[in-house]
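Right, I'll just put the structure down here and ask away after.
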Amino acid sequence: MNMLKCNKTLFYIILGFFALQIIILFSFGYTPYPDSDGYILLAQHSLKLGQPYPSISDLKELKFIWNVGAINAVELSLYIFNSIIPLLIIYTIMKVATAFILYKIAETLFNKKVAFINLILYIIYPANYGESTSTLSEVPFLFFITLGILLALKYKNKYELVILGGCMMAIANWFRPLAIVFLLSMSIYYVIIKYRDYNKSLYLCIGYLLMIGIIGSISYQRTGHFIYQARTGWQNLMQYSWDHNENKKVYSHRNPMYIENSNNMDCLKRDSIWKERCLNWIIDNPKEYLKQIPSKIFYTYISDNVNMCALMKDKNKKYMYGEISMVSLKTNFPYYTSIQLLTFINLLYYYTLIIAFIVSCINMIKHKDKKVFMPLLILTLGTMSIALVAHGEARFHNPYMPFIILAVAHYIYIKFENKINSVSTFFE
């Protein structure tokens, strides 16, 4: 009887979350982030050529290979429905399914009570609403990456499902080249924390490499290049390092991105040149490189405002983010518009989560609580990847927020265990 009550409660919470997401999608409509609009333009172009992205004829014209899975998802929606709305509905379903998957991850790692706390913290987080109103890669990435983690965690002896989990991570990587952070985190978690379970780590990697091989081989057969993910990292890191470099090395046209005779190269060759330049710059300027790391981390975690653009009434502004930027919030305080007030509330909630996460990590170290090691490892490796091979941007912390919430949920349970157990019939 208690289990039936629990299942009903869970069902109604998830259903309510879905209903609100659908209402937001059809009330506020598509959110034209620059990257999202860029995906649509590339998808439309590939559709005219009658090829998936990237088309072989465009490899010389493209500046870089962008998020392949995200663009092909847009192209498929345009091909079948001549609209991106069906894709946005699918992304909405993925967003809601991710909430349920995170519930199951928390239940597997901890218990049902922590899982409910995790779910509540996740669905009252304002930034989680409207994220599926654009074609950005975060929603499908998180859906596939969390599904992969759940398959790896939940099934102890069914290694075929662990392999499938690795495959899901590779698909996530196809949408956004970040899965290696989660794959490494899970592998380390099994080898160090879970009694040296080398088999799970091995099978997870096998599944990941298997799907990478399938995606890359299909691309190779069509284009002659083994393309399984975006290739934007070296260009972004080179440009960021140059822009923030006090001792600028002189390149052609005083621009590190400029390449002589680039018209005779494809984008993959240009990427290899940017890679070489970037590595050489790091070797020649190690102090400058290290000096840039704190600012990258700062700009990644200082604000959480970007997703609030989805809830704006007027999305046709040249610079949507201006109204809800940190500068605007500071200037207009306390006389806020409705969207600024919501952004401010979201910031307070976000900062509370960050502080609670730090406290939970201190508590974990103090009491040697290995259960929180996995989300802590994901955030640590993710932050390191931003610091070392990326640039700082508020959107970049989005994939790690579910795992911050997971650790906070566990800490809340430990802190208020007696009170939570007194209402345990709600959870069990």
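So that you can scan it fast, the table gives a plain yes or no per residue for (1) in contact with a His (Cβ under 7 Å, 6 or more places away or on another chain); (2) modelled with pLDDT of 90 or more:
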| residue | (1), (2) |
| --- | --- |
| 286 | no, no |
| 300 | yes, yes |
| 307 | no, yes |
| 315 | no, no |
| 325 | no, yes |
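Sticking with this one: Across region 314-334, what is the number of residues that are surrounded by 10 or more Cβ atoms within 10 Å (Cβ to Cβ) and part of a loop (DSSP other than H, G, I, E, B)?
Going through region 314-334 one residue at a time, the tally reaches 4.
For residues that are over 15 Å from the mean Cα position of the chain (by Cα) and assigned to a helix (DSSP H, G or I), scanning just region 123-149, find the one that is nearest to residue 409 (Cα to Cα).
My answer is 123.
Please indicate, with yes or no, whether at least one residue in region 104-121 is outside any helix (DSSP H, G or I), in contact (Cβ under 8 Å) with a residue 60 or more places away in the chain and within 22 Å of the chain's Cα centre (by Cα).
no
So which of 90, 65, 71, 145 ends up being in contact with a strand residue (DSSP E or B) (Cβ under 9 Å, 6 or more places away or on another chain) and closer than 24 Å to residue 230 by Cα? Step through it out loud before you land on a result.
Numbers: 90 fails: in contact with a strand residue (DSSP E or B) (Cβ under 9 Å, 6 or more places away or on another chain); 71 fails: in contact with a strand residue (DSSP E or B) (Cβ under 9 Å, 6 or more places away or on another chain); 145 fails: in contact with a strand residue (DSSP E or B) (Cβ under 9 Å, 6 or more places away or on another chain).
It is 65.
Just to be sure I understand, how many residues within region 57-102 are part of a loop (DSSP other than H, G, I, E, B) and of a type in the set (Gly, Ala, Ser)? Full working, then the answer.
Just the residues of region 57-102 that are part of a loop (DSSP other than H, G, I, E, B), to begin with: 59-64, 66-67, 82-84.
Going one step further and asking which of them are of a type in the set (Gly, Ala, Ser), we end up with 83.
Adding up the residues that qualify gives 1.
Scan 349, 413, 336 and give me the residue that is of a type in the set (Phe, Trp, Tyr) and over 18 Å from residue 304 (Cα atoms).
Answer to the check: 413.
Which of the helices (runs of 4 or more DSSP H) contained wholly in region 335-424 include at least 3 residues that are in contact with a helix residue (DSSP H, G or I) (Cβ under 7 Å, 6 or more places away or on another chain)?
338-367, 373-389, 401-415
How many residues are under 18 Å from residue 102 (Cβ atoms) and of a type in the set (Val, Ile, Thr) when one looks only at region 172-206?
Total satisfying the criteria: 1.
Would you please name the residue that is surrounded by the fewest Cβ atoms within 10 Å (Cβ to Cβ), looking only at residues in region 200-234 that are of a type in the set (Ser, Thr, Tyr) and under 20 Å from residue 163 (Cβ atoms)?
The residue in question is 217.
Suppose we keep only residues that are surrounded by fewer than 18 Cβ atoms within 10 Å (Cβ to Cβ) and among the hydroxyl-bearing types (Ser, Thr, Tyr) within region 24-48. Which one would you say is farthest from residue 135 (Cα to Cα)?
27
Restricting the first residue to region 272-298 and requiring it to be touching a residue at least 60 places away in the same chain (Cβ under 8 Å) and farther than 12 Å from residue 244 by Cβ, which pairs with a second residue that is of a type in the set (D, E, K, R) and outside any helix (DSSP H, G or I) meet a Cβ separation below 6 Å and a spacing of at least six or different chains?
none
Take the residues in region 54-75 that are over 18 Å from residue 259 (Cβ atoms) and of a type outside the set (A, V, I, L, M, F, W, C); name whichever of them is farthest from the chain's Cα centre (by Cα).
Quick first cut of region 54-75, residues over 18 Å from residue 259 (Cβ atoms) only: 54-57, 66-75.
Cutting the leftovers down to of a type outside the set (A, V, I, L, M, F, W, C) gives us 54-55, 57, 67, 69, 72, 75.
Details: 54: 22, 55: 26, 57: 30, 67: 12, 69: 14, 72: 18, 75: 21 Å.
If we take residues in region 54-75 being over 18 Å from residue 259 (Cβ atoms) and of a type outside the set (A, V, I, L, M, F, W, C), then 57 is farthest from the chain's Cα centre (by Cα).
The values are calculated or read from the model by the stated rules, or taken from the named source; none is laboratory data. From a predicted model like this one, the values you see are computed outputs, not experimental measurements. With ideal geometry, Cβ positions are generated from the backbone for all residues, glycine too; neighbour counts draw on all protein chains shown.
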